[in-house]
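Encoded as structure tokens, the structure appears first; notes follow it.
The values are calculated or read from the model by the stated rules, or taken from the named source; none is laboratory data. Just so it is clear, the model here is predicted, and its values are computed rather than measured. In this analysis, Cβ positions are derived from the backbone assuming ideal geometry, glycine residues included, and neighbour counts consider all displayed protein chains. Heavy atoms of the whole protein, side chains included, go into the accessibility calculation; ligands, DNA and RNA do not. Shrake-Rupley method; radii C 1.70, N 1.55, O 1.52, S 1.80 Å.
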Amino acid sequence: MRKEISAGGVVFRRIGGRLEIQLILDRYGKISMAKGKMEPGETVEQTALREIEEETGIIGSIISPVDIIKYTYNHPIHGQVQKEVHYYLVEAVGGSHRPQVEEISGVAWYEPREAWLRQDQNGYDNNDRIVRRGLSLLGIEV
């Protein structure tokens, strides 16, 4: 079975003492986090930071691992594919916020509890634990 590795992050920033979490609206209209496929020669950490910057314009710094999601999906050409997505807690340290319109529909910053509500109401179920754990690492329990 073919294996595919992707990486991304729970991106946060502190603005004037306030904590904000970045969420994207993907091309299917669902709440998610920036992520994408690993390229040859990259580490999963490099993939996460590159994908965050490509999709959202934000330059990040990895603080810690969050978790790994594993699932299988059916690819039209390759058949069954084992997918592994590595997520990191990433602090925004630069860049300019803008969505990569070829990949996502939008990107915005949210207060932590608002971010959780958006994930809970319109996010992918397998991302619930990623957002919850990322918030927990920042001292926010939901």
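Gly139 falls short on exactly one of the conditions (1) open to solvent by 90 Å² or more (accessible area, probe 1.4 Å); (2) in a loop (DSSP other than H, G, I, E, B), and that condition is (1).
Quick one: count up the residues across the range 1-14 that are more than 20 Å from the chain's Cα centre (by Cα) and either open to solvent by less than 10 Å² (accessible area, probe 1.4 Å) or under 17 Å from Glu114 (Cα atoms) (or both).
To start, the set of residues in the range 1-14 that are more than 20 Å from the chain's Cα centre (by Cα) comprises 1-2.
Right, trim to either open to solvent by less than 10 Å² (accessible area, probe 1.4 Å) or under 17 Å from Glu114 (Cα atoms) (or both) and you get none.
Of the residues in the range 1-14, 0 are more than 20 Å from the chain's Cα centre (by Cα) and either open to solvent by less than 10 Å² (accessible area, probe 1.4 Å) or under 17 Å from Glu114 (Cα atoms) (or both).
Of the strands (runs of 3 or more DSSP E) that lie entirely inside the range 1-64, those containing 3 or more residues that are among the hydrophobic types (A, V, I, L, M, F, W, C) span 2-15, 18-26.
For the range 86-124, how many residues meet the condition of being among the charged types (D, E, K, R) and at pLDDT 95 or above? Of the residues in the range 86-124, 6 are among the charged types (D, E, K, R) and at pLDDT 95 or above. The single residue among Val107, Val93, Val101 that is aliphatic (A, V, I, L, M), closer than 18 Å to Arg27 by Cα and surrounded by fewer than 13 Cβ atoms within 10 Å (Cβ to Cβ) turns out to be Val101.
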